[in-house]
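The values are calculated or read from the model by the stated rules, or taken from the named source; none is laboratory data. All values derive from a computational prediction rather than experimental measurement. Positions of Cβ are generated from backbone atoms using ideal geometry, with glycine treated the same way; all protein chains shown enter the neighbour counts. Side chains included, ligands, DNA and RNA excluded: accessible areas come from the protein's heavy atoms. Shrake-Rupley method; radii C 1.70, N 1.55, O 1.52, S 1.80 Å.
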Amino acid sequence: MNQDKRGVILDEIEYWRENRLLPAHYCDFLMNLYDVNQERGDKKVLSMQSFKQGNIRTWMFTFLMLCFICMVLLYFTTFPILVQLVCVPVFTALCYTGGIRWRKRNPIASSFLLAVGSMLMLGLGILVIRQHGLDPSFWITVLVLGCGLIWCIMGYVISSPVLLYIGFGAFVLLYAGFFARVNPEASWLVLQGLWLPLSLLLVWFSWLVHHRGKKLAAVYFTSGIAIWFMPEVDEVLLRGQMPDIFAALCVTKIALACILLFILRKKWIVWVAA
């Protein structure tokens, strides 16, 4: 078989693997059968196949990269501010690039890299703000807002539930922080009025978009369910208040949520079922 035909066959097998049209071990067998010279294993230094085959270059490259990242993180606070501002987007971009490349081949690893990149962006940003004496009440708010926008936009573009969840979480923090400053002594009923409409709005969005994308509908729905319980989280964690009947109120809200989910199960399961 000539080189061109073998290349076409190998590309097709790789497509089957990425889209899970065949089990991985079948694809490995076919790759080994047609790739007699192991050409593709050499081309892709960073691939799961090269890790399995014990490719020395792959393992050495991974070892050196991990050492480099650890050293940079350990001595991050000693760098000049310009170097710090370069390191944050570089590390984030590396994690996001790996997450995007692996999102079909290995969804778990992809989600992990996307989450790590997001946490690095936020965590290192907060570290820079505090180290250089910037006003945290303003700059951390700007940072969280910017990160939330980036995460939500990227989540929509690459259809990543992980980034969408983290993005929604950032906006929930901003929403909670704003009202905690405006009305720090808000009662339990006021908090219900602040959070429950948002919860119902996200559930409605889930119904609105479920025809276009199940993943997005699932993100909206589960986010809405989580925000259903945000008044209690807000009251305890942000305001330090706990009424005497707090446990009874929590049980009541859980029971109400379970009853509604049971009654409407034939509707919402269709919205979020992948």
Can you tell which of L145, L189 is hydrophobic (A, V, I, L, M, F, W, C), modelled with pLDDT of 90 or more and surrounded by fewer than 18 Cβ atoms within 10 Å (Cβ to Cβ)?
L145
Tell me, yes or no, whether region 156-166 has at least one residue that is touching a residue at least 12 places away in the same chain (Cβ under 8 Å), aromatic (F, W, Y) and open to solvent by 70 Å² or more (accessible area, probe 1.4 Å).
yes
For region 124-167 the number of residues that are under 19 Å from R103 (Cβ atoms) and part of a helix (DSSP H, G or I) is 16
Test: residue in region 227-248 that is modelled with pLDDT of 85 or more and either under 27 Å from L113 (Cα atoms) or in contact with a Gly (Cβ under 7 Å, 6 or more places away or on another chain) (or both)
yes
From the list I166, I153, I158, exactly one residue is within 11 Å of M121 (Cβ to Cβ) and within 13 Å of the chain's Cα centre (by Cα). Which is it?
I166
By residue number, the members of region 217-253 that are open to solvent by 80 Å² or more (accessible area, probe 1.4 Å) and in a helix (DSSP H, G or I) are L237, L238, V251, T252
If you take the residues of region 193-208 that are open to solvent by 30 Å² or more (accessible area, probe 1.4 Å) and among the aliphatic types (A, V, I, L, M), which of them is farthest from E235 (Cα to Cα)?
L208
Just one of R130, R105 is surrounded by fewer than 17 Cβ atoms within 10 Å (Cβ to Cβ) and over 18 Å from the mean Cα position of the chain (by Cα); which is it?
R130
Is there a residue in region 174-197 that is under 15 Å from T222 (Cα atoms), in a helix (DSSP H, G or I) and either in contact with a Pro (Cβ under 9 Å, 6 or more places away or on another chain) or β-branched (V, I, T) (or both)?
yes
Matching option when the condition is free of Cβ contacts under 8 Å to residues at least 40 places away in the same chain and closer than 21 Å to Y175 by Cβ, among V116, V144
V144
Neighbours by Cβ (under 6 Å, 6+ apart or cross-chain): first from region 7-33, surrounded by fewer than 16 Cβ atoms within 10 Å (Cβ to Cβ); second at pLDDT 75 or above and aromatic (F, W, Y)
L22/W16
Report the residue count in region 72-82 for those that are open to solvent by less than 60 Å² (accessible area, probe 1.4 Å) and either without any contact (Cβ under 8 Å) to a residue 40 or more places away in the chain or closer than 15 Å to G133 by Cα (or both).
2
